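Written out below as structure tokens is the structure these notes cover.
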Amino acid sequence: MAFSIVTWNINSVRLRLPIVQHLLEMWQPDVLCLQETKCPDDQFPTAAFKKMGYEHIAMHGQKGYHGVATIAKEPFAAESEWLEFCDMGDTRHMSTRHTIPGMSDPVLLHNFYVPAGGDEPDIVKNPKFDHKLKFLDEMTDHFGGRFKDDKNIVVGDLNIAPSENDVWSHKQLLKVVSHTPVEVETLDRVFKAGGFVDLVRQNFPEPELLYSWWSYRSRDWQTSNRGRRLDHIWSHPDVAKHLSSVDILSEARGWEKPSDHVPIRAVFG
DNA sequence: ATGGTGGACGCTCCA
């Protein structure tokens, strides 16, 4: 029995509700993790999801910025604590426990929206870049500490394209926030602390070019194809063993009023 | 070297 998890930075769940519904009809995932919902919890379009058979919703949102939500067909347990990164109070993380058929232990599914980090890759001149690196350091602490005995899955917009095959031009992006060596190294410490497997790369090995995001500031995203792989799905090796396929839905970048990110799906079993 | 677009909010910030 297959079980699928989708992650998507939706850039306003209320504005994008039609394309979210389209995705649910198309893929019917068991679990959908959204980032950048930009929606306070009491204004989340809960009824629209319930009407589509997604009756179980946990969210952690705020007015105007950030916000994550995890939506499922079957019941799950939401962890009551969110990581309060850097004491900013930003809604950038939530975690939920799910039972996946064929797996003996429940998984702990982390839904992340890592800070973008501003324009300049300098921690002195740019406090947002400093915040991004500190946020990642706190992730490393948590995966080496409180979550170390869990079967973790990490999904979300991590706002870093780690490999040279995750960007349209490695050379031209080395000094661009999202692909700088210090970000890649800091993210790699998170990855190693959790003992993770990159499920997307397990399915599409290097050197295949993979992108999940194309800027809005481009005349024709498809022709110029200057993308970056900012969205990720990682898991504990015991979970990775059950991976059967991964899909990156690039065509969603061309949908009506698109997000600048596209959905990624991992299928288990 | 610069600007390009888009969303939320409310006369501006963030990506």
Ignoring ligands and nucleic acids, A:Asp137 exposes an accessible area, probe 1.4 Å, in Å² to the nearest 10, of 70 Å²
From most to least accessible, 1.4 Å probe, no ligand or DNA/RNA atoms counted, A:Asp42, A:Asp231 line up as A:Asp42, A:Asp231
Highest GNM mean-square fluctuation among A:Val197, A:Val114, A:Val176, for chain A with Cα springs under 10 Å, belongs to A:Val176
With label points set 7 Å from each Cα along the Cα-to-Cβ direction at A:Phe204 and A:Thr223, the distance between them in nm comes to 2.3 nm
Rounded to one decimal in nm, the spacing of the 7 Å Cα→Cβ label points at A:Asp149 and A:Ala47 is 4.5 nm
Per residue, the convex hull enclosing the Cα atoms of region A:132-258 spans a volume in Å³ of 119 Å³
Counting only protein heavy atoms and leaving out ligands, DNA and RNA, the solvent-accessible surface of A:Arg228 at a 1.4 Å probe, in Å² to the nearest 10, equals 40 Å²
Flagged as over-length at 29 Å C-alpha distance, from A:Lys51/A:Lys128; A:Lys63/A:Lys257; A:Lys51/A:Lys151; A:Lys132/A:Lys171; A:Lys175/A:Lys241, the pairs are A:Lys51/A:Lys128; A:Lys51/A:Lys151; A:Lys175/A:Lys241
Using the Kirkwood formula on alpha carbons, the hydrodynamic radius of region A:56-167 in angstrom works out to 15.4 Å
Taking region A:3-268, the equivalent ellipsoid from its C-alpha gyration tensor has semi-axes in Å, biggest first, of 25, 22, 20
For region A:3-268, the percent of accessible surface on carbon and sulfur atoms (probe 1.4 angstrom, ligands and nucleic acids excluded) is 49 percent
Highest GNM mean-square fluctuation among A:Thr223, A:Thr91, A:Thr37, for chain A with Cα springs under 10 Å, belongs to A:Thr223
The relative contact order of chain A, taking Cα pairs under 8 Å that sit 6 or more residues apart, comes to a percentage of 19 percent
Check: C-alpha center region A:48-85 vs C-alpha center region A:201-269, spacing in Å is 22 Å
Per the helix-only model, chain A has a calculated mean residue ellipticity at 222 nm (DSSP H runs of ≥4, -39500 (n - 2.57) each, divided over all residues, rounded to the nearest 500) of -6500 deg cm²/dmol
Over region A:1-91, with neighbouring protein chains present, the accessible area per residue in Å² at probe 1.4 Å is 46 Å²
Descending packing, highest mean Cβ count within 10 Å first, for A:201-208, A:100-107 is A:100-107, A:201-208
Ignoring ligands and nucleic acids, A:His242 exposes an accessible area, probe 1.4 Å, in Å² to the nearest 10, of 60 Å²
To the nearest 0.05, the calculated FRET efficiency linking A:Glu164 and A:Ala78 through their beta-carbon distance, R0 being 51 Å, is 0.85
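The values are calculated or read from the model by the stated rules, or taken from the named source; none is laboratory data. None of these values were measured; they are calculated from a predicted model. Don't worry about glycine lacking a Cβ; one is built from the backbone with ideal geometry, like all the others, and counts go over all protein chains shown. Just the protein is used for accessible areas: all its heavy atoms, side chains included, with ligands, DNA and RNA removed. Shrake-Rupley method; radii C 1.70, N 1.55, O 1.52, S 1.80 Å.
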